[in-house]
Amino acid sequence: MVPGLEQYLILSAIIFSIGLFGAITKRSAVVILICIEIMLAGVNIAMVAFSRFITPVELTGQSFSVFVIVVAAAEVAVGLAIILALYRQRHTIDTDKIDLLKW
Amino acid sequence: MMNNIPELLIWMIPGLPLAAFAALFILVRSLKIRSTLNGYLAIAATAASFALSLWVAAGLFTAPAEHGIAGFEWLNLGGLLVIELGLTINPLTGIMLVVVTLVSLLVQIYSLGYMHGSKSLNRYFAFISLFTFAMLGLVMADNLLIMFMCWELVGLCSYLLIGFWYHRPAAAQAARKAFFITRIGDFGFLAAILLLFTSAGTLNVNEIHAAAIAGAVSSTVVTWAALGIFMGAMGKSAQFPLHTWLPDAMEGPTPVSALIHAATMVASGVFLVGRMYPLFELSPTALSTVATIGAVTALFAGTIALVMHDIKKVLAYSTISQLGYMMLGLGLGGVAIALFHLFTHAFFKALLFMGAGSVNHSTGTFDMRKMGGLARLMPWTCATFVIGALSLSGIWPLAGFFSKEEILNSALSNQPVLFAMALATAFMTAFYMFRVVFLTFGGEYQSRLKPHESGRVMIIPMLVLAVLAVSAGWLNLTGRLTTVLGHGHEHSWIYGFLGIFTHPLAWISLAVAGSGIFLAWAMYQKRWISARKIAWTFRSAYTVFFHKYWIDELYEKYIGARLLNNGLFNLFNRFDAVVIDGTVNDVAGLNLKSSKAIRTLQNGRLTQYGLVFLFGIAAIALLVIFTG
């Protein structure tokens, strides 16, 4: 069976939900960052699938996913830098313990 | 331009003293040059300014006219308010220009001797230059805003120079007092300016006059504006009840008293009323207020001057009294006679102050009880002082006689009550001036110090003023001066010199002045009548006079301390605490309470935030899907 648009979207939703679950439940900042990457991967699958099945001539969806990948890479660089700086200061990357701004 | 005087030279009249001030204050200060040459710089600027003023005034004297010198646009608030910086030259201005620059010049020369060896002479001459500039600006300004600025500037200079010896608490106190009390009057002046601007739509003096005469300004507004302007004049010219600052202002250096607090600045109130006279003429209420306040002040200050022990205090009260005379002249007779008295008064009062300064310079005191017998030791000072005193007392043919005569004459024909007050004042003036003369120069010297005659640099300005104190009145012998100023008629000089004796008033005023002098001679020179005994006989009146009617006490203890401090300011304080602070505190309290309620939302758990985020987006997505 050749997978259709529906199958791709289901896969995309599953991956996105896994990432979302991880991002909400995990405490480690690094893990949260990884989960966000997983969510972005899910979204990318959806975009490429839409592009392939709905507008096969134009490559809008594909080019968007390339953008998302680039921005995600930059985001990881910044995010990891912040996490590193945090770790140097507080010796932890547990997000529940990083609560200085809490009233 | 008139007399073919280039406009640039007219601008230089106030410009030169300003340049001198700038040079002294900025250049000398930053370059740290401190030499006696600084005084000469200021004197040179004033001398040039005086020469130009004399030129202008001479032109006006032969051909009186009003000249406007267009300036440049200084402020333009979107066409709503356009202020042009221009000058006006008219006979009134001309006479003031001469008085201001001449007295300023002589005072600065005199200061070279009087202030010799004093610290910060630089500052002294800088302030005097600034004062001269501000006074000339006030006189020449063609619009009320510039006039008001210069008006405040002369007040500032007065403050700075009264407090010249600021390390003396009394001087600092007196400077503050002068500033505060004149500020009460300035409030009235400013209110009048705003009132005139809202109703006439312009700040130009001539345009305001034209609008008022054309009836474009309602008579109520004119009356209130005139009263406001007069309130400003009362503050500056130390009229009752705003007079208390002037006697205290004697804490300043004596040349300053001669320039600012006798000849020029205090007379600027009279000038102001004269400048705005068309408004006053439209309002009988305002005119009679001016006349009444003037007469009351003249009499009131005269009684205090009778009993003071300090020469400068006597002269200060005498100045207040004579300013009252000028106000009386304005209220009853018009600009010309008041300005004529201002003109002569400037010379003989400046002379008297310089005489007092000269006495102080060699004896180190202003207290007449410690003097006496100075006639032999200081003959020049004595001679010039006596001339000044004779002129002030109104003895024929000295300057004071002619100008007082005009005022008494206008009072006699208008208001008999005010005339009686003016005549009583004339008697007291003669008495207290010769009380000073006999106590200071007559009798035997009281102290062990060896007084000596002052140096030439001080005597020469006094001699110049003495000549003017004798002759300044002759300028009006043919009635020319008052005619130029707008009232009066011309006649032959012989009529002016001798013909006035056909009128009984001249004999009356001479007799009054003569009897005042005679009484002083009998009491203080011959001691036929004991001054002490008289004081004892009239002890209630003496006490009242000696304590200056307790006006200072009234202001300080009752109006200042009780009414303002305990009453009004306390009320303000409470308003501040309850209403203003209360509002701010309540707003802050409300924020605090509401934030306590919502701060539980911010618990610092990232996972919880994410969950809320998720549900929020899900809710929005559902909303979009189901509502289309």
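One table, with the values for the structure above:
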read-out	value
5 angstrom amide H check on residue B:90, placed H, neighbours 5+ away	B:67
Alpha carbon centroid spacing (whole Å) that separates region B:120-194 from region B:53-83	23 Å
For region B:340-357, Karplus couplings with θ = phi - 60° (6.51, -1.76, 1.60), whole Hz, Gly/Pro x	5, 5, 4, 4, 5, 4, 4, 6, 6, 6, 4, 4, 4, 5, 5, x, 4, x
Too-long pairs where the Cα-Cα distance tops 25 Å, listed order kept, from B:370/B:404; B:370/B:526; B:404/B:526; B:370/B:548; B:119/B:349	B:370/B:404; B:404/B:526; B:119/B:349
Exposure proxy ranking, count of Cβ atoms within 10 Å, fewest first, for B:463, B:351	B:463, B:351
Separation in nanometres of the label points that stand 7 Å from Cα toward Cβ, at residue B:562 and residue B:622	7.7 nm
Between helix B:504-520 and chain B: long-axis angle, C-alpha atoms, 0 to 90°, nearest 10	90 degrees
Orientation-averaged projected area, Cα convex hull of the protein assembly as shown (nm²)	52.6 nm²
Taking B:66, B:453, B:406, A:58 and counting other C-beta atoms within 10 Å, the order from fewest to most	A:58, B:66, B:453, B:406
Estimated FRET transfer efficiency when R0 is 60 angstrom, pair residue B:365-residue B:214 (beta carbons, to 0.05)	0.55
Residue B:490-residue B:456 FRET efficiency (beta carbon distance; Förster radius 30 Å; 0.05 resolution)	0.15
With Cα atoms, 0 to 90° folded angle of helix B:219-236 axis to chain B main axis	70 degrees
Theoretical FRET efficiency, 1/(1+(r/R0)^6), r = Cβ-Cβ of residue B:598 and residue B:7, R0 56 Å, to 0.05	0.20
Ranking of B:310, A:96 by count of other Cβ atoms within 10 Å, fewest first	A:96, B:310
Angle in degrees between helix B:37-62 and the longest Cα principal axis of chain B, rounded to the nearest 10	70 degrees
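Rule-based calculations on the coordinates, nothing more; no lab input. Since we're looking at a predicted model, the values are computed, not measured. Cβ coordinates were reconstructed from backbone atoms using ideal geometry, including for glycine residues, and neighbour counts include every protein chain displayed.
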